[in-house]
Amino acid sequence: MDAKNSAELLLVAFLPPFLVEDLEKEYVLHDLFHAEEPEALLAEVGSRVRGIVAGGMKGPDAPLINRLENLEIISSFSVGFDATDVVAAQSRGVVVTHTPDVLTDDVADLGMAFIIMAPRRIAEAERHLRAGKWLQGRMDLGTNLRGKKLGIVGLGRVGSALARRAEGFGLDIGFYDIVPKDVPYRSYPSLIALAEDSDILFVSCQGGDSTRGLIDLPVFDALGPAGFLVNVARGTIVDEDALIAAVQEKRIAGAAVDVFRDEPNAPEALMTTENIVMTPHIASSTHETRRAMADLVLANLRAHFAGQPVPTPVPDQR
């Protein structure tokens, strides 16, 4: 677009510089996320803001949504929208959008990498080598994947993509989901039942209050001392204190996690725990996927301000 749109947008999360640059070409931006005096900024521009650009971990709450009297749309640079108070927005008729599908493959790829890394102790092996411990002897053996039972918590886009990858590694797949699925995998009536019958528990359900602390100590105990946890969804889904106890006390064999309860803070207790793989929320962190996510944010905003249906609206939460 050659001419800048008159719409004013509020940025409430960290966004990649290339997306901010593209937004600046089309809209008037106000950066609340980096503002030194947020209240002063809101007092000055709040009444003119028509859109919010949010993120998966940072989004507008009800007080902010209700304060912006002319707010029309929230476009989230994420597949998850649990950081945004969707109910508050939709109750006011504010459109909420996100960026599904375009990051499914990258997240599933990392999930599959974790499923290989944790049982085979790949991260531990690298640390063993780098520390010069190989000179003192070989490390303990890992566990192979063939014939092991993979339990998927939430068989949505990512869970389904992961299942297809896991089939190629000879894993026996089951799942637990509150929504019935017509798939060739075993369905379990409860999370505990799934954990009890799984060697690896893969978490790919949505975040938010409905799943907060879902993976707790009883789930870890059901998974057992030979089981592994993999989480590429949201840190809030796993009771982090229970996870620390489970890996340190060997109540499970190990874990691999890309997400944490209080990002960017990862628990210090896990930093020195050997039987865990940790990455800093990188599941969708590729050039290709972040570009595709940015393009979808732009497409959602353009469609809305052109009076057209947005390509990716969040399902009605009311």
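The values are calculated or read from the model by the stated rules, or taken from the named source; none is laboratory data. It should be emphasised that the depicted structure is a prediction, and the values quoted were computed from it without experimental measurement. We place every Cβ from the backbone using ideal geometry, glycine too, and count neighbours over all the protein chains shown.
The table below lists the values:
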read-out: Test set (1) in contact with a Ser or Thr (Cβ under 6 Å, 6 or more places away or on another chain); (2) closer than 25 Å to THR84 by Cα; (3) not hydroxyl-bearing (Ser, Thr, Tyr) - ASP209 fails condition number; value: (1)
read-out: Flag for ILE152 being over 16 Å from the mean Cα position of the chain (by Cα), within 23 Å of GLY207 (Cβ to Cβ) and hydrophobic (A, V, I, L, M, F, W, C); value: no
read-out: Per-region count, the range 40-64, residues touching an Asp or Glu at 6+ places or on another chain (Cβ under 7 Å), in contact (Cβ under 8 Å) with a residue 40 or more places away in the chain and part of a helix (DSSP H, G or I); value: 1
read-out: When residues of the range 253-265 are limited to those that are out of contact with any strand residue (DSSP E or B) (no Cβ under 6 Å at 6 or more places or on another chain) and farther than 16 Å from GLY213 by Cβ, the one surrounded by the most Cβ atoms within 10 Å (Cβ to Cβ); value: ASP258
read-out: Subset of the range 28-48 that is over 28 Å from the mean Cα position of the chain (by Cα) and within 23 Å of GLN90 (Cβ to Cβ) - its residue that is surrounded by the fewest Cβ atoms within 10 Å (Cβ to Cβ); value: SER47
read-out: Residues of the range 109-163 classified as free of Cβ contacts under 8 Å to residues at least 60 places away in the same chain and among the aliphatic types (A, V, I, L, M), total; value: 16
read-out: Residue tally, condition closer than 28 Å to VAL230 by Cα, of a type outside the set (Asp, Glu) and in a loop (DSSP other than H, G, I, E, B), over the range 265-311; value: 13
read-out: Residue ID - farthest from VAL102 (Cα to Cα), chosen from residues in the range 56-79 that are crowded, with 20+ Cβ neighbours inside 10 Å and not aliphatic (A, V, I, L, M); value: PRO60
read-out: Single residue of SER190, SER204 found to be assigned by TED's automatic domain parsing to the domain that holds ILE122, surrounded by fewer than 19 Cβ atoms within 10 Å (Cβ to Cβ) and in contact with a strand residue (DSSP E or B) (Cβ under 8 Å, 6 or more places away or on another chain); value: SER190
read-out: Selection from the range 158-180 of residues that are modelled with pLDDT under 95 and not hydrophobic (A, V, I, L, M, F, W, C); value: PRO180
read-out: From ASP295, ASP221, ASP239, residue being exposed (fewer than 15 other Cβ atoms within 10 Å of the Cβ) and modelled with pLDDT of 95 or more; value: ASP295
read-out: Matching residues, the range 105-135, being under 16 Å from HIS281 (Cβ atoms) and not aliphatic (A, V, I, L, M); value: ASP106, ASP109, GLY111, PHE114
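Matching residues to (1) of a type in the set (A, V, I, L, M); (2) touching a Pro at 6+ places or on another chain (Cβ under 9 Å):
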residue	(1), (2)
ASP209	no, no
ARG212	no, no
ILE215	yes, no
PRO225	no, no
GLU240	no, yes
GLN248	no, no
ASP258	no, yes
ASP262	no, no
PRO267	no, no
